Amino acid sequence: MATFFRGSLLVGLVVALSVNSSFAAEQKPQDLYKANCQGCHGASGRPSPVGKGLGAKSFQDPAVLKTSLSEMARVIAKGRSKMPPYEATLTPKEIKDLTKYIKEMK
């Protein structure tokens with residue numbers, strides 16, 4: 001019985017630690033942007049030379065400014081034109097946080 005209890009306790013501890021570490025691994029939106037977006041969209045939301053070559057628009061472009069949060073999140077998740085999808089590499093919460101971060105860029 002004591003062995004069963006210790007085994008259950010060990011399993012519970014492993015689960016608790018793995019859940020806790022997954023929350024700790026969540027990145028800040030600015031770090032997500034730097035790692036996933038900045039290469040094409042530039043540090044300030046204006047396309048880099050690479051981004052310009054791929055057709056990326058400035059986040060200050062009137063058409064982009066009119067884009068809703070939900071549409072922008074969909075584009076980040078599913079991709080568009082030459083932009084790759086990120087739904088396999090970012091969590092829904094990360095996409096939501098990243099979308100808000102982009103919309104707040106000046």
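Structure data summary
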| quantity | calculated |
| --- | --- |
| Meets criteria (out of contact with any Phe, Trp or Tyr (no Cβ under 9 Å at 6 or more places or on another chain) and modelled with pLDDT under 95) for Lys57 | yes |
| Candidates Thr99, Thr67, filtered to the one that is free of Cβ contacts under 8 Å to residues at least 40 places away in the same chain, assigned to a helix (DSSP H, G or I) and among the hydroxyl-bearing types (Ser, Thr, Tyr) | Thr99 |
| Residue selected from region 33-48 under the condition assigned to a helix (DSSP H, G or I) and of a type outside the set (A, V, I, L, M), by the criterion nearest to Gln60 (Cα to Cα) | His41 |
| Flag if Ala73 is part of a helix (DSSP H, G or I) and farther than 16 Å from Glu104 by Cβ | no |
| All positions within region 62-97 that are closer than 21 Å to Gly51 by Cα, under 14 Å from the mean Cα position of the chain (by Cα) and charged (D, E, K, R) | Arg74, Lys78, Glu87 |
| Hey, Ala56 part of a loop (DSSP other than H, G, I, E, B) and surrounded by fewer than 12 Cβ atoms within 10 Å (Cβ to Cβ) or not | no |
| The one condition in (1) more than 12 Å from His41 (Cβ to Cβ); (2) assigned to a loop (DSSP other than H, G, I, E, B) that Glu94 fails to fulfil | (2) |
| The lone exception for Ala2 - which of (1) at pLDDT 50 or above; (2) surrounded by 10 or more Cβ atoms within 10 Å (Cβ to Cβ) it fails | (2) |
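The values are calculated or read from the model by the stated rules, or taken from the named source; none is laboratory data. As the structure is a computational prediction, the values presented were derived from the model and not from experiment. Positions of Cβ are backbone-derived with ideal geometry, glycine not excepted, and every protein chain shown enters the neighbour counts.
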